[in-house]
Amino acid sequence: MGLEQLWQLQEIDLAIKALEEEEEHTPLRQELQAATEEVERLRGELAEAEETLKNQRKRLKILEMDLQKNSDSRTALRKRLYGGEVSNVRELEQMEIKLGLLEKEQQAREDETLELMEAIESGDEELRGKAARLQEKETNRQSKETELGETLKRIKGDLEQLRRQREELAAHIEPRLLDRYQLLAQKHGGRALARVVEDVCGGCGVFISSAQRGFLFNPEALVYCESCGRLLVKLSDHD
Ligand SMILES: [Zn+2]
């Protein structure tokens, strides 16, 4: 009757189904996706931090020039104020007021310069940290990519081999039996056949009636489980 071969065919079909599911649902795809997103996010952060630093350095240069200008103005003003050229009291007063304003401005610029230099220093350090983290995440992403590629290649190779085996095996089984198998397999989630082990149906766990038990030893008989309807197989290498 070829039931043993049909059992083997079912084993192959189940293995093919498991591999197809693994191929479709391998968690490696999501892991790679997550790793890629992480790399993109860090790249964005790094670019943003670089932009901030660039602007801070620009601002620092402007401040340095302003400070120089302020210093030059104060020197010139002091020279006139204390040089004795100007004797008009009102004018002298105005010059003093201006000098005071320039000194105030200088103090503010110096404070900002100091703050900015500190910000640049810590920004530089942060940038180096981000760059190192990005490198690490990129390495991780690449290894996920390699792992996924290898997994898919292995599955593909295994599937090709199993499909060849199935074809060879199916050629030796009666078409009528194959049709029966396909119908039952659809009904029972790929498990059309159930082994009988110690008089129990391996598909549903129900005892086989004694009347059916006798037929199991008839190689010409197709015996179905009265409980679940699966085709029963008594394998010669078992009990
Ligand atoms: Zn059953």
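Every number here is computed from the coordinates shown, using simple stated rules; none is lab data. This is a predicted model, so every value here is computed, not measured. With ideal geometry, Cβ positions are generated from the backbone for all residues, glycine too; neighbour counts draw on all protein chains shown.
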| Taking H as built 1.01 Å from N, whose amide H comes closer than 5 Å to the amide H of residue 195, not counting residues under 5 places away? | 202, 203, 233
| query | Pick from 124, 13, 72: which residue has the top mean-square fluctuation in a GNM of the chain where Cα pairs under 10 Å get a spring? | reply | 72
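Do any chymotrypsin sites (Phe, Trp or Tyr not before Pro) in region 118-218 lie in a loop, going by DSSP, with at most 16 other beta-carbon atoms within 10 Å of their beta carbon, and if so which? If you can, show how the numbers build up before the last one.
Values: sites: 181, 207, 215, 217; in loops: 217.
Here the sparse-neighbourhood loop sites are 217.
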| note | Expected vector for region 205-218, Karplus 3J(HN,Hα) from phi with 6.51, -1.76, 1.60 and θ = phi - 60°, integer Hz, x for Gly and Pro, equals x, 8, 5, 8, 5, 5, 4, 6, 3, x, 5, 4, 8, 8
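Considering the convex hull of the alpha carbon atoms of the chain, report its projected area averaged over all viewing directions, in nm², one decimal. Please list the in-between numbers first.
On the way: hull surface 92.3 nm².
One quarter of the hull surface, i.e. the mean projection, equals 23.1 nm².
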